[in-house]
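Only one structure is covered here, and it is reproduced in the block below.
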Amino acid sequence: MMPWTTSLAATDAQTINAALLVSALLFTCGLVGFLTRRNMIIMFLCTELMFQAAALALIAFGKVHQDLSGQVFVIFILTVAAAEAALALGLVVLLYRRRETLDSEAWSELRETS
Amino acid sequence: MLDPASIQPAVVSIPAAIPSPEFAWAGLILLLPVLAAVLSTICGARGVKGKLPGAITSIALIASFVTTLMLFLRLPDDAPRTVHLFDWVAFAWSGTAPNTSFLAPFALYVDSLTLLWMLFVTGLGSLISIYATEYMEADVGKGYARFFASVAFFLFAMGALVMGGNLIVLYLGWEGVGLASYLLIGYFYTKPSAVAAAKKAFIMNRIGDLGLALGGFLIWTNYGTVEYDALFKAISSGAAPAANASAWGAWAIPYCLMLGAFGKSAQIPLFVWLPDAMEGPTPVSALIHAATMVTAGVYLIARMFPLFSLDPNALLVVACVGCLTAFVAATIGMAQYDIKRVMAYSTVSQLGYMFLGLGVGTTFGAVYHVFTHAFFKALLFLCCGAIMHGMAGQLDLRKLSGVRTVKGFGIISWTFFIGCLCLAGFPFTAGFFSKDTIIAQAFASGNPTFAWLGWVALFTAFLTAYYTFRVWFRVCAGPQKYEAGDEVHSHDDGAHDAHGHDDHGQAHGHAHGHAHGHAHGHAHSHAAAHAHSHDWHPHGPRWAINGVLLVICIGALLAAVPSYNGELQHKPNWVETMVAHSSAASGIPSHEHAAHGHEAGAAAHHALSFTGIEDVHTATSVVASAVGVLGICVALWFHLLNRTAADKLRAALLSNGLTRWLPLLLENKWYVDEIYHAVFRLPSWFLGHVLHFLDKQLIDGLLVNGGARVPVELGRLFQPLYNGALQGYAATMAGGIALIAAWVFWIWMHGG
């Protein structure tokens, strides 16, 4: 906890609640999308949604604690997410070339066989 | 001086050693054999085909002997000398006095005892090495080099043992001779019995070596030094033991050293390895297992005699064990048919005499017996070896007769005869004088226990004379009749196989009674494939064997000369003088010390000459001569004049239920091997199998494999979840997180 931490003003608390709510909604959207869709690009976008929901929550908590660490985290997350997005999309392209489809079911034989 | 009320016998102060760097060349005595060992090994590695390793070793050992002789002649007086060769082990720290340092330089301690030992070790070593150049010629090549490298290494180790200036160098030599002995017993390494014998010797010796090591440790904790000179100074000054030394530690020193000596010198209970050691080539039996290495135990006790003389009970134990060993080994020797084995048991028995001598307090007698025994026993073994060499490995005395008249075996037979006379204690031979000194001291000591031991020793002398001449009358005398052993090989063909050599005691069942020694049907002999093998004739030895036999025979006869001086010309026996000037004389009032008014315990000892109780000694000589001659006569009757009587007697004893045990007990070597088998080997075998079972089932089975099964089974349990549907995985994960979140929420609601 940093030395300049102070107690929160009432308006700040409302802003934070709103931000956390948005974050939770975004995460839920991403999760539901990931669980219901089979298109690998959509699934990938859903994971990105969940990712950004977490980033938003981090910024909100940073505000609560008057700590810049939250924002620093987000900068890092954005950087890593950019690299990871390039990698993931590249993988999706390769998977598509193998099966000529974007359906994730096409790869279900990668399961554990007993 | 010492308190007369003290239970300690008087301790003769041992003169302090003079540091003598000018005698550093004495280190050559050790260096030359090392060089020979290295060069012989190189010869073996480079595949030299020839007698080069034998020549190198013989020359190096002769040079070593000459160096010893020079040292003996150049020493100006009898004072012990230390020669510091190089620093070896040197630690110092701030501890409790006197344990503030551990110093073991590679130094020599040269006194008359050392010289006496080194003279016969290097002298006999050289002679036996020359003998072996001819004896081992069937193995020329790698085996020949290996043999001589081991022999040279043995001479180095024995030198370090005898000449070392502290217990650490002695220990180095002690282990070194054990290693050389192991290598040479197992020389025929493709023969299972030789390998077993080598292992047996090594393991038995380890038991003894443990005693020596513990003894050394205790000496250091008690006296703060392992160097002889400092140790003797500490003992003779009567210095109090170290503060951190315990009473039992000081008490245990002689017993620990004794265990080491019993192991190396094949005494009860550690004697069973020596007869089996005869699996080695015969020159090795003569050098290591008769003349030199096995006397290391006697040397150890003689060297450490100041420590032993502090505890009369320790010497009593030494005397009893020695006497018992002498008797038991002699009885076994009576019933063996393998002539090398008879000689092996005779060695054990004679070593028993030496320990008896040490125990009853005549270190001179013990050392003199070592000295004379070294010559005549080496001679006897070399004769056995020469007969075996000429008779294709035949060692069974039932299958040899009248060898004396076979062409080329004359020198062997007559030198053998002289060796037998010495061993039997025939009057005025070397063995007679040395053995009598020991027996006389047992009677003269005034101790009733020792007198009993003396009677047993006298009876053993009778047995010795009997079994010795049993061999000679059977093998050398009588009608000429012999069978080849099972290693028939023709000498005009160079391609001998080494590994059938020296195979003895494996008498095959052919009883054709060959008049001319034709060997038939030795299918398992490699030489059987040779065209000449069906035309076998015994071959007499050439110059190397005959020459060495003659030289050692003369040595065995001359070994009695010191006694002629002592007994007949009233000059001091020079062996006795040498012993008297060494640490072995400590606590033994010899006439020299008596002349200096040394009266402590005068009633308990007997000065060997110039005293009024000389008749004890003379009486012993007369009785011992009588039993010796009686033994020879009994052997003459049973084994030359009336050979069937021996077999009839044996059959009669066996058929009578009351006396059956006697021949069976003796022929089966008192069942000692069987007892050891039952007492030590079987329980170890059983324990080993139990532990093996536990290891397999409990450690390997339950813990290791059982532990590995846990993750395997858990994985199998959850395996159906991995069905390949990506959404299923995600749902499981989300569900898990939801559960955790719900749990946290629940705690937050109720716990907060």
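One line per residue, one yes/no per condition, for (1) under 25 Å from B:M733 (Cβ atoms); (2) within 14 Å of chain B (Cβ to nearest Cβ); (3) of a type in the set (K, R); (4) assigned to a helix (DSSP H, G or I):
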site: A:M50; (1), (2), (3), (4): yes, yes, no, yes
site: A:A57; (1), (2), (3), (4): yes, yes, no, yes
site: A:A60; (1), (2), (3), (4): yes, no, no, yes
site: A:Q66; (1), (2), (3), (4): no, no, no, no
site: A:F73; (1), (2), (3), (4): yes, no, no, yes
site: A:F76; (1), (2), (3), (4): yes, no, no, yes
site: A:A83; (1), (2), (3), (4): yes, no, no, yes
site: A:L95; (1), (2), (3), (4): yes, yes, no, yes
site: A:S108; (1), (2), (3), (4): yes, yes, no, yes
### Task
Go through the stretch B:71-91 and count every residue that is in contact with a Leu (Cβ under 8 Å, 6 or more places away or on another chain) and surrounded by fewer than 12 Cβ atoms within 10 Å (Cβ to Cβ).
2
### Message
List the residue pairs whose Cβ atoms are under 9 Å apart, where the first residue sits in the stretch B:716-737 and is at positive phi and within 8 Å of another protein chain (Cβ to nearest Cβ), the second is surrounded by 11 or more Cβ atoms within 10 Å (Cβ to Cβ) and assigned to a loop (DSSP other than H, G, I, E, B), and the two are 6 or more positions apart or on different chains.
### Response
B:G724/A:R111; B:G724/A:E112
### Query
List pairs: first in the stretch B:534-562 and more than 19 Å from B:F417 (Cα to Cα), second in a helix (DSSP H, G or I) and small (G, A, S), Cβ under 6 Å, 6+ apart or cross-chain?
B:P538/B:G390; B:H539/B:G390
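Going through B:L214, B:L155, B:L210 one at a time, which residue ends up being in a helix (DSSP H, G or I) and either buried (at least 21 other Cβ atoms within 10 Å of the Cβ) or at pLDDT below 90 (or both)?
Working: B:L214 fails: either buried (at least 21 other Cβ atoms within 10 Å of the Cβ) or at pLDDT below 90 (or both); B:L210 fails: either buried (at least 21 other Cβ atoms within 10 Å of the Cβ) or at pLDDT below 90 (or both).
Just one listed residue meets the conditions, B:L155.
Does the stretch B:739-747 contain at least one residue that is at the interface with chain A (Cβ under 10 Å from one of its Cβ atoms), without any contact (Cβ under 8 Å) to a residue 24 or more places away in the chain and surrounded by 10 or more Cβ atoms within 10 Å (Cβ to Cβ)? First the steps, then the outcome.
In the first step, residues of the stretch B:739-747 are kept if they are at the interface with chain A (Cβ under 10 Å from one of its Cβ atoms); the result is none.
No, the stretch B:739-747 has no match at all.
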### Task
Considering only the stretch A:45-76, state which residues are β-branched (V, I, T) and out of contact with any helix residue (DSSP H, G or I) (no Cβ under 6 Å at 6 or more places or on another chain).
A:T47, A:V72, A:I75
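Let's see how each residue does on (1) modelled with pLDDT of 90 or more; (2) out of contact with any Cys (no Cβ under 6 Å at 6 or more places or on another chain); (3) in a helix (DSSP H, G or I):
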position	(1), (2), (3)
B:A319	yes, yes, yes
B:A326	yes, yes, yes
B:A344	yes, yes, yes
B:V348	yes, yes, yes
B:L351	yes, yes, yes
B:F376	yes, no, yes
B:L379	yes, no, yes
B:M388	no, yes, yes
B:G408	no, yes, no
### Query
What single numbered condition from (1) touching a Leu at 6+ places or on another chain (Cβ under 9 Å); (2) surrounded by 24 or more Cβ atoms within 10 Å (Cβ to Cβ) fails to hold for B:P275?
(1)
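Any idea which residue in the stretch A:72-95 is farthest from A:A57 (Cα to Cα), counting only those that are surrounded by 14 or more Cβ atoms within 10 Å (Cβ to Cβ) and without any contact (Cβ under 8 Å) to a residue 24 or more places away in the chain?
Here the residue is A:E84.
Sort out which residues of the stretch B:81-136 are among the small types (G, A, S) and in contact (Cβ under 8 Å) with a residue 40 or more places away in the chain, and write them in order of number.
Passing the criteria: B:A97, B:S101, B:A104, B:A107, B:S112, B:G123, B:G125, B:S126, B:S129, B:A132.
Only one of B:M278, B:M258 is more than 22 Å from B:F154 (Cβ to Cβ), in contact (Cβ under 8 Å) with a residue 60 or more places away in the chain and touching a Gly at 6+ places or on another chain (Cβ under 9 Å); which? Full working, then the answer.
On the way: B:M278 fails: more than 22 Å from B:F154 (Cβ to Cβ).
When all the criteria are applied, what remains is B:M258.
The values are calculated or read from the model by the stated rules, or taken from the named source; none is laboratory data. What you are looking at is a predicted structure, and each value in this text was computed from that prediction instead of being measured. All Cβ positions, glycine included, derive from the backbone under ideal geometry; neighbour counts span all protein chains shown.
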